[in-house]
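Shown next, in structure tokens, is the structure this report addresses.
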């Protein structure tokens, strides 16, 4: 009898402990929580197509209380450009862009509200924006709903021309739903509408046209863009936990806008931990877009149409990214004040193939030059501390 | 055109909200219990595991591709020309 009681007691204790652990775990999952305090320091580099851009970035997040968190972000781009657009009609240049962002998050029950302000400043462009997001956990925390709005007021200038000053504004409205489907699979649907109005040109870029009155046979005139642009994006994402502790992510996005550009991208990434200290991440992404309705590589004559563009970003093209990332989770004995810390290195190799943008610096008859294409190396090295 | 795009966005937002509300009103129980979510709670499953890197990735693409929006990084535009 005593043995049975002892066995029952052991069983009861085991069940109680199991229930307690489950309850604690469910509490931590049920209640929405603010993300943990962290600091990230990053060095980034982009090298491709005659452009070299690099610089540092810092991101800080700190909880002021259980319901309020603040964040700060600072980012610098040091740009040295001799891209094909620049080399065909202008001289190489260098400049610096600085971006700063301050944010605050407020948690109330299962709702998180986030407000941030941002400023991006370079010699010829000043962007100021405000961003507001609300997200809410519902349906036993299997579902998360989010809504967001952003407004940006931008000032466009042209170096070497003190009289040039234009404005544009951008409005963003976004919504999202993420849903846990099984104990290993969650999906998310995000949509975003973006509306721009004002001066949307790049003030330096020109289009080329056939001009038989000059010996070269080609003339140049400034681009003319419409003063409005509206776009709509839909992104579907899935995250899947593999049985041997690895993660698979799939993203598909479709985009269309009022300039008749249709684009889509698909990305597959895989994250695999090795032991307790190393995580490996592999990524492949494919993007393709159609051209803007007013784009042409070579116009038939001057002022050929009311809107004119020869930006390669508005042409018909595709690109492919292959990415590799490694994160080293630094053992506690080597960490500062026992804070958990990580060192990461990510490398992306991107190849761009343009289908109707020709390289005017290459040999070939006018309008029959080889199609342009280039590849870029993108590196991010960063250190993260959780405190 | 501007009105059309915002109408579309509002319609999708409304549909999502309606789905969520009807989801709450129906007697459908959440089918994945909290204690069954340890795999999804694993840090390797976090899409925003490296936020500072994700912000840079979004910036690299937005400056070179026409598509923008719905990245999930809460961005507010390229801020460059």
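Filter the stretch A:105-125 down to the residues that are surrounded by fewer than 16 Cβ atoms within 10 Å (Cβ to Cβ) and within 29 Å of residue A:161 (Cα to Cα) and list them by number. Hits for the stretch A:105-125 are A:119, A:121, A:123. For the stretch A:237-248, taking the residues that are surrounded by 18 or more Cβ atoms within 10 Å (Cβ to Cβ) and under 28 Å from residue A:173 (Cβ atoms), the one that is farthest from the chain's Cα centre (by Cα) is identified as A:239.
So, in the stretch A:74-109, of the ones that are in a loop (DSSP other than H, G, I, E, B) and in contact with a strand residue (DSSP E or B) (Cβ under 7 Å, 6 or more places away or on another chain), which residue ends up nearest to residue A:206 (Cα to Cα)? Top of the filtered list is A:83. Within the stretch A:132-144, the set of residues being within 7 Å of another protein chain (Cβ to nearest Cβ) and within 21 Å of the chain's Cα centre (by Cα) comprises just one member, A:133. Being in contact with a helix residue (DSSP H, G or I) (Cβ under 6 Å, 6 or more places away or on another chain) and within 30 Å of residue B:34 (Cα to Cα) is not true of residue A:195.
Taking the numbered list (1) at pLDDT 95 or above; (2) exposed (fewer than 15 other Cβ atoms within 10 Å of the Cβ) in turn, residue A:222 passes all entries but (1). Applying a threshold of 7 Å to beta carbon distances and a minimum spacing of six or more residues, or different chains, the list of pairs starting in the stretch A:345-361 at a residue that is within 30 Å of residue A:328 (Cα to Cα) and within 11 Å of chain B (Cβ to nearest Cβ) and ending at one that is at pLDDT 95 or above and outside any strand (DSSP E or B) reads A:346/B:53. In this structure, is residue A:124 touching a residue at least 40 places away in the same chain (Cβ under 8 Å), at the interface with another protein chain (Cβ under 10 Å from one of its Cβ atoms) and over 22 Å from the mean Cα position of the chain (by Cα)? Taking the combined requirement at face value, the residue satisfies it. Residue A:234: facing chain B (nearest Cβ under 9 Å), touching a residue at least 40 places away in the same chain (Cβ under 8 Å) and surrounded by fewer than 20 Cβ atoms within 10 Å (Cβ to Cβ), yes or no? When the stated conditions are applied, residue A:234 passes them. Note on the stretch A:324-337: residues that are within 26 Å of residue A:286 (Cβ to Cβ) and in contact with a helix residue (DSSP H, G or I) (Cβ under 9 Å, 6 or more places away or on another chain) total 1.
Within the stretch A:338-376, the set of residues being exposed (fewer than 14 other Cβ atoms within 10 Å of the Cβ), touching a helix residue (DSSP H, G or I) at 6+ places or on another chain (Cβ under 7 Å) and part of a loop (DSSP other than H, G, I, E, B) comprises just one member, A:361. Can you confirm whether the stretch A:298-313 contains a residue that is within 30 Å of residue A:179 (Cα to Cα) and without any contact (Cβ under 8 Å) to a residue 40 or more places away in the chain? There is no residue in the stretch A:298-313 that is within 30 Å of residue A:179 (Cα to Cα) and without any contact (Cβ under 8 Å) to a residue 40 or more places away in the chain. Looking at the stretch A:282-303, can you tell me whether even one residue there is within 30 Å of residue B:48 (Cβ to Cβ), surrounded by 14 or more Cβ atoms within 10 Å (Cβ to Cβ), at pLDDT 95 or above and more than 10 Å from every other protein chain (Cβ to nearest Cβ)? Checked against the condition, which is being within 30 Å of residue B:48 (Cβ to Cβ), surrounded by 14 or more Cβ atoms within 10 Å (Cβ to Cβ), at pLDDT 95 or above and more than 10 Å from every other protein chain (Cβ to nearest Cβ), the stretch A:282-303 yields no hits at all.
For the stretch A:261-268, indicate whether the set of residues that are crowded, with 21+ Cβ neighbours inside 10 Å, free of Cβ contacts under 8 Å to residues at least 40 places away in the same chain and within 19 Å of the chain's Cα centre (by Cα) is non-empty. Scanning the stretch A:261-268, I find at least one residue that is crowded, with 21+ Cβ neighbours inside 10 Å, free of Cβ contacts under 8 Å to residues at least 40 places away in the same chain and within 19 Å of the chain's Cα centre (by Cα), so the answer is yes. Among the residues making up the stretch A:145-167, those that are over 21 Å from the mean Cα position of the chain (by Cα) and at the interface with chain B (Cβ under 10 Å from one of its Cβ atoms) are A:156, A:157, A:158. Do we find that residue A:91 is surrounded by fewer than 19 Cβ atoms within 10 Å (Cβ to Cβ), more than 12 Å from every other protein chain (Cβ to nearest Cβ) and over 21 Å from the mean Cα position of the chain (by Cα) in this structure? Yes: the conditions hold for residue A:91.
The values are calculated or read from the model by the stated rules, or taken from the named source; none is laboratory data. Here the structure is a predicted model, which is why all the values come from computation and not from measurement. Cβ sites come from the backbone with ideal geometry, for glycine too, and all protein chains shown count toward neighbours.
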